[in-house]
1. Where in the range 313-431 are there strands (runs of 3 or more DSSP E), lying wholly inside it, with at least 2 residues that are surrounded by 18 or more Cβ atoms within 10 Å (Cβ to Cβ) and free of Cβ contacts under 8 Å to residues at least 40 places away in the same chain?
2. If I go through the range 262-293 residue by residue, how many of them are in contact (Cβ under 8 Å) with a residue 40 or more places away in the chain and open to solvent by 80 Å² or more (accessible area, probe 1.4 Å)?
3. Name the residues in the range 204-232 that are within 19 Å of residue 322 (Cα to Cα) and either in contact with a His (Cβ under 7 Å, 6 or more places away or on another chain) or outside any loop (DSSP other than H, G, I, E, B) (or both), would you?
4. What number of residues within the range 460-490 are touching a strand residue (DSSP E or B) at 6+ places or on another chain (Cβ under 7 Å) and either hydroxyl-bearing (Ser, Thr, Tyr) or assigned to a helix (DSSP H, G or I) (or both)?
5. Pull out all pairs, ordered by first then second residue, where Cβ-Cβ is under 8 Å, the residues are six or more apart or on different chains, the first lies in the range 461-485 and is at positive phi and open to solvent by less than 60 Å² (accessible area, probe 1.4 Å), and the second is of a type in the set (Ser, Thr, Tyr) and in a helix (DSSP H, G or I).
6. For the range 433-445, check the following and say yes or no: at least one residue is over 23 Å from residue 39 (Cα atoms) and surrounded by fewer than 18 Cβ atoms within 10 Å (Cβ to Cβ).
7. Is at least one residue of the range 81-99 crowded, with 17+ Cβ neighbours inside 10 Å, in a loop (DSSP other than H, G, I, E, B), in contact (Cβ under 8 Å) with a residue 24 or more places away in the chain and acidic (Asp, Glu)?
8. Among all residue pairs at least 6 apart or on different chains, which show Cβ distances below 6 Å where the first residue, located in the range 432-445, is in contact (Cβ under 8 Å) with a residue 40 or more places away in the chain and of a type in the set (Phe, Trp, Tyr) and the second is open to solvent by 10 Å² or more (accessible area, probe 1.4 Å) and not in a helix (DSSP H, G or I)?
Amino acid sequence: MHAPVLVMQDSMKREQGGKVQRANIQAAKAVADIIRTTLGPRSMLKMLLDAAGGIVVTNDGNAILRELDLAHPAAKSMIELSRTQDEEVGDGTTSVIVLAGEMLHVAEAFIDKKYHPTVICRAYAKALEDAVAVLDKIAMTVDVEDRETMLGLVKSCIGTKFTSQFGDLIADLAIDATRMVGVELGQGLREVDIKKYIKVEKVPGGQLEDSVVLKGVMMNKDVVAPGKMKRKIVNPRIILLDCPLEYKKGENQTNAEILREEDWTVLLKMEEEYIENICAQILKFKPDVVITEKGLSDLACHYLCKAGVSAIRRLRKTDNNRIAKACGAVIVNRPDELQESDVGTGAGLFEVKKIGDEFFTFIVDCKDPKACTILLRGASKDLLNEVERNLQDAMSVARNIIKCPKLVPGGGATELTVSAMLKQKSSSVEGIEKWPYEAAAIAFEAIPRTLAQNCGVNVIRTMTALQGKHANGENAWIGIDGNTGEIADMKERKIWDSYAVKAQAFKTAIEAACLLLRIDDIVSGIKKKQAPGAGPSKPKIDEEGDADNDQLIPE
């Protein structure tokens with residue numbers, strides 16, 4: 001008998017075959033269970049402690065998973081799902097995970113029956129196509145200009161969030177903001193960049209009801225010389241700079257040898273003149289406010305004060321871009337290149353206010369601003385963070401509807417309709433793929449089922465009643481009212497979902513399920529000198545040669 005051949009190193013762990021798929025399915029289900037209770041209007045909050053001891057209290061699926069630190073590779077890829085969903089459409093992060101978990105759960109039975117994973121994947125892919133087709137069928141178009149419908153829509157999205165008790169408030173803020181920054185690209189396309197042009201400023205204190213969308217921008221800055229500069233200017237002329245208004249210092253230590261002491265005064269004089277020149281170039285345009293991203297020396301400040309100009313220095317680049325969008329100014333890189341067209345005149349009011357114990361600069365009442373700030377007030381920091389997350393979701397939903405104005409029913413009605421249609425179609429699927437196809441149809445019921453569980457109604461009865469209503473396909477809009485748990489028509493209750501969110505959720509969930517099912521081998525411990533926890537290692541004694549090697553840095 002030959003001696004066994006060692007192919008892999010001892011520290012390697014290798015799992016193969018069905019065992020791997022089962023492990024992956026377990027992991028995915030575990031992730032889904034973590035956030036299952038955060039689906040729907042009656043959802044629970046999760047409190048997460050991070051390493052630094054900070055607390056996050058939230059029920060936004062993505063925010064929760066982002067904070068988790070997982071060991072299992074399959075579970076990590078589940079987290080990626082909710083991130084994708086968040087980046088693409090901004091809402092439906094929880095549903096994706098629950099759906100994907102359920103898809104894998106129903107696949108487990110087939111793996112036990114020795115089905116080949118690719119067969120299951122093929123069936124799932126077919127189910128996905130049909131599901132999206134059903135979505136297209138039940139989707140209805142909506143008028144973006146009609147504020148009532150938009151409100152109802154955004155509200156149903158935030159209904160599942162913590163701020164639902166302030167429902168209208170957040171929905172209003174979100175719609176106002178997205179409406180403001182929408183840019184027409186022509187051909188009926190609208191581009192709404194929430195990340196760049198909507199800034200959310202959280203100021204602790206006051207009540208949530210005080211939150212507003214400003215027609216303009218606010219920053220956490222004060223004028224350079226308080227007391228000398230005006231703090232309130234109506235219809236200001238604003239100049240935005242991207243250059244320092246101070247004398248350039250040498251790159252590193254610069255030595256200047258001076259033989260006569262008069263030269264020293266000349267040197268200082270030159271510096272002063274340089275700054276005076278720059279200021280003169282700026283003052284030519286009679287601005288009321290000068291804002292620069294870089295420094296502003298005392299001397300420049302003095303010249304600007306004399307001319308009665310308020311100045312603000314060291315502003316963030318992003319804030320500067322927002323101001324430019326809001327008041328119609330152009331950011332100038334060199335004072336010599338200033339033109340009249342670069343001066344922003346669109347703002348109605350420049351004013352510095354004290355909120356709490358900090359000063360904030362407001363540039364508001366702009367004509368047709370393309371950027372805005374949402375000012376959030378609230379009792380505590382945790383509360384504000386949560387409200388901000390909800391606002392992000394609400395704005396994403398508003399953006400999706402502006403981009404693709406189609407709606408599907410919420411409250412699990414869409415999933416039930418899809419499920420019922422797939423069940424009917426499954427009889428026409430041929431061969432062995434029929435069973436996984438049917439299972440995928442059943443998996444879609446996870447969403448309404450979870451909704452029912454979170455409301456605390458009798459799940460089995462509710463589900464059977466719903467399935468009965470959908471089975472004959474008479475009304476695609478019957479679903480669960482997440483607040484009361486009763487079965488209702490979603491059209492009347494105004495519970496909607498955006499088509500983009502749903503379609504993306506289905507695609508992401510099923511594709512991910514297929515991906516995880518097709519893994520049949522996990523090899524861990526590659527290229528690590530010593531895999532963590534792979535048995536006691538001998539203490540390594542550094543020879544002089546490799547003492548300064550990279551072994552000292554723990555991975």
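1. none
2. So the answer is 2.
3. Listed by number, the residues that qualify are 212, 213, 214, 217, 218, 219.
4. The number of residues fulfilling the criteria is 6.
5. Sorted first by the residue in the range 461-485, then by its partner, the pairs are 473/417; 485/462.
6. The answer is yes; a qualifying residue exists.
7. yes
8. Partner pairs satisfying both residue conditions: 437/429.
The values are calculated or read from the model by the stated rules, or taken from the named source; none is laboratory data. All of these numbers come straight from a predicted model, not from anything done at the bench. Cβ: placed from backbone, ideal geometry, glycine included. Neighbour counts: every protein chain shown. Quick note on the areas: whole protein, heavy atoms, side chains included, nothing else; ligands and nucleic acids left out. Shrake-Rupley method; radii C 1.70, N 1.55, O 1.52, S 1.80 Å.
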